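A.B. asks: Okay, handing you the structure first.
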Amino acid sequence: MSNDTQQIVNKAWNFAHVLRDDGLSYMAYTEQITFLLFLKMADEMTRPPHNRPAIVPRDLGWESLLAREGVELEAQYRHVLDELGKKKGMLGEIFRKARPDIQNPATLRRLIVDLIEPERWTSMDADVKGDIYEGLLAKSADESPKGAGQYFTARPLIRGIVDVMQPTPDDTVCDHACGTGGFLLGAHQYVVEHFGRELDPDQKKHLRTKFVRGWELVANTARLCVMNLYLHGINADPCPITCDDS
């Protein structure tokens, strides 16, 4: 993890301590921060150098939260989670049963303005979102068995294994314990980097809709995996990630 990434992760942990004092568990905080990070990164993808079409409706996007404070912010955040949870496909899956657990509007505003807004998350080499999640998950294992027993594969090892496997645009990559999607995204990135200019329309569609398939037992981890895939241009219906959190 780079020094810049570590500083941001430490900053996120400091916010976790503040919310912990308000009675919010590490796991609940982790879920809230992933919702907000997704909205911020989705907004960044519509701007240079990405310039992609919006994947979140404007009236429910990051700017709608940034423009509000106090009770209006709290109401808008609740509205955003409710409405996005009704959407079809992967977007609806990301926000399914999402709850606005941060009850203090001032704390929510600090999280948006001080932690998330100043950073350009999509320009970072590391998956900082995943680093934050994994760090907080380790902390949460002390307070809840739901976080215990999860281990995340180091990214250099993921890259090494993907390089050995050499996936092609015509493959389907499956991970039966996909976690936050590291292997699936690594395989997807490999194909983009090695075949991007040679892909025909059918291969591009396959890469977007059927290239990855994953299974994950823990609902919060599966949600983060879907977020990662969706932000990287993977948009399949039905959702390519299956979760059995029973």
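A.B. asks: Using amide H atoms built 1.01 Å from N in the peptide plane, name the residues 5+ places from V173, or on other chains, whose amide H lies under 5 Å from its own.
C.D. replies: Excluding prolines and chain starts, which carry no amide H, the hits are V212, R213.
A.B. asks: Something else now. Report the far tail of the P(r) of the stretch 2-124, meaning the percent of Cα-Cα pairs longer than 19 Å.
C.D. replies: 48 percent
A.B. asks: Bin by bin, in steps of 10 Å, what percent of the Cα pairs in the stretch 161-212 do you find, going until the bin that has the longest distance?
C.D. replies: Result returned by the calculation: 27, 58, 14, 1.
A.B. asks: Show me, for the stretch 93-108, the HN-Hα J-couplings you get by feeding each phi into the Karplus relation (A = 6.51, B = -1.76, C = 1.60, θ = phi - 60°), rounded to Hz, glycine and proline as x.
C.D. replies: 3J(HN,Hα) across the stretch 93-108, in whole Hz: 5, 4, 9, 4, 6, 5, 10, x, 6, 7, 8, 8, x, 5, 5, 4.
A.B. asks: Report the Rg/Rh value for the stretch 34-103, based on alpha-carbon coordinates and the Kirkwood definition of Rh.
C.D. replies: 0.96
A.B. asks: If I model a spin label as a point 7 Å beyond the Cα along the Cα-Cβ vector, how far apart are those points for F195 and Q7 in nm?
C.D. replies: So the two model labels end up 4.0 nm from each other.
A.B. asks: Protein chains only, probe 1.4 Å: how do C225, C243 rank by accessible area, largest first?
C.D. replies: C243, C225
A.B. asks: Still on this structure, I have one more. Tell me, what is the 1.4 Å probe accessible area of T34, in Å² to the nearest 10?
C.D. replies: 10 Å²
A.B. asks: I want to verify a result. In a Gaussian network model of the chain, Cα cutoff 10 Å, which of these has the top mean-square fluctuation: I161, I33, I112?
C.D. replies: I161
A.B. asks: Continuing with the same structure: Would you indicate which of [x] 58, 40, 31; [y] 57, 38, 38; [z] 50, 39, 38 is the value of Cα extents along the principal axes in Å derived from the coordinates of this structure?
C.D. replies: [z]
A.B. asks: On to the next question. Using the alpha-carbon centroid of each, what span in Å lies between the stretch 1-60 and the stretch 149-216?
C.D. replies: One Cα centre to the other: 24 Å.
A.B. asks: Could you go through the stretch 68-76 in sequence order and give the Karplus-derived ³J(HN,Hα) for each residue, using 6.51 cos²θ - 1.76 cosθ + 1.60 with θ = phi - 60°, rounded to whole Hz, and x for Gly and Pro?
C.D. replies: Whole-Hz 3J(HN,Hα) from phi for the stretch 68-76: 10, 8, x, 5, 5, 5, 4, 5, 5.
A.B. asks: Moving on. For the chain, what relative contact order do you get, as a whole percent, if you take Cα pairs closer than 8 Å and at least 6 residues apart?
C.D. replies: Relative contact order here is 20 percent.
The values are calculated or read from the model by the stated rules, or taken from the named source; none is laboratory data. Quick caveat, the model's predicted, so the values are computed rather than measured. Reconstructed Cβ throughout: ideal geometry from the backbone, glycine too, with neighbour counts over all protein chains shown. The area values use the complete protein model at the heavy-atom level, side chains included, leaving out ligands, DNA and RNA. Shrake-Rupley method; radii C 1.70, N 1.55, O 1.52, S 1.80 Å.
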